[in-house]
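Dropping the structure in here first, questions after.
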């Protein structure tokens with residue numbers, strides 16, 4: 001066998017090695033991207049869980065939240081501060097959910113969550129006075145659009161805080 005033939009075989013094997021390495025790297029990138037998506041989803045769910053914990057763990061906080069959702073103005077100054085931070089935590093959880101989970105269905109579910117909060121007079125009053133200033137502009141615009149929708153349509157199906165809200169089906 002001559003050196004030219006050995007060189008040609010070496011080049012073919014080298015090219016095959018490069019192709020296999022690129023295929024392996026593409027597979028690893030795909031697996032890593034899926035793992036990152038899954039972690040982002042878990043992180044977003046954790047934000048929501050943490051935002052709900054004060055309401056579950058403390059009856060006094062839950063009572064302030066329920067009264068504040070009905071009428072922000074009827075809360076005393078200390079209760080308004082507590083309600084503000086409860087709502088801020090919930091709005092930040094919703095914003096984090098939308099930033100971390102780039103999935104049309106998950107984002108629509110988060111929008112329904114915000115819409116459900118906007119259906120409460122007290123929450124809308126808080127939003128207009130304080131809430132809209134605690135979030136980034138793109139999220140603020142989306143939430144403000146939901147507030148205007150809720151107010152302009154005077155939606156008949158206004159669930160109370162204790163009722164289960166069922167979101168409409170989402171077309172694929």
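Any idea which residue in the stretch 106-140 is surrounded by the most Cβ atoms within 10 Å (Cβ to Cβ), counting only those that are over 24 Å from residue 70 (Cβ atoms) and either modelled with pLDDT of 90 or more or in contact with a helix residue (DSSP H, G or I) (Cβ under 8 Å, 6 or more places away or on another chain) (or both)?
Checked the stretch 106-140; the qualifying residue surrounded by the most Cβ atoms within 10 Å (Cβ to Cβ) is 139.
Continuing with this model, one more query. Could you grab the pairs with beta carbons closer than 8 Å, sequence gap of 6+ or different chains, first residue in the stretch 74-93 and touching a residue at least 12 places away in the same chain (Cβ under 8 Å), second one outside any helix (DSSP H, G or I) and surrounded by 18 or more Cβ atoms within 10 Å (Cβ to Cβ)?
Within 8 Å, the pairs are 80/72; 83/72; 83/75; 91/135; 92/135.
Could you list, ordered by first residue, the pairs with Cβ atoms under 7 Å in which the first is in the stretch 1-29 and in contact (Cβ under 8 Å) with a residue 60 or more places away in the chain and the second is surrounded by 10 or more Cβ atoms within 10 Å (Cβ to Cβ) and assigned to a helix (DSSP H, G or I), at least 6 apart or interchain?
Here the result reads none, with nothing in the stretch 1-29 linked to a residue that is surrounded by 10 or more Cβ atoms within 10 Å (Cβ to Cβ) and assigned to a helix (DSSP H, G or I).
The values are calculated or read from the model by the stated rules, or taken from the named source; none is laboratory data. Note that the structure is predicted; figures quoted are calculated from it, not measured. Quick reminder, even Gly has a Cβ in these numbers, built from the backbone with ideal geometry, and neighbours come from all protein chains shown.
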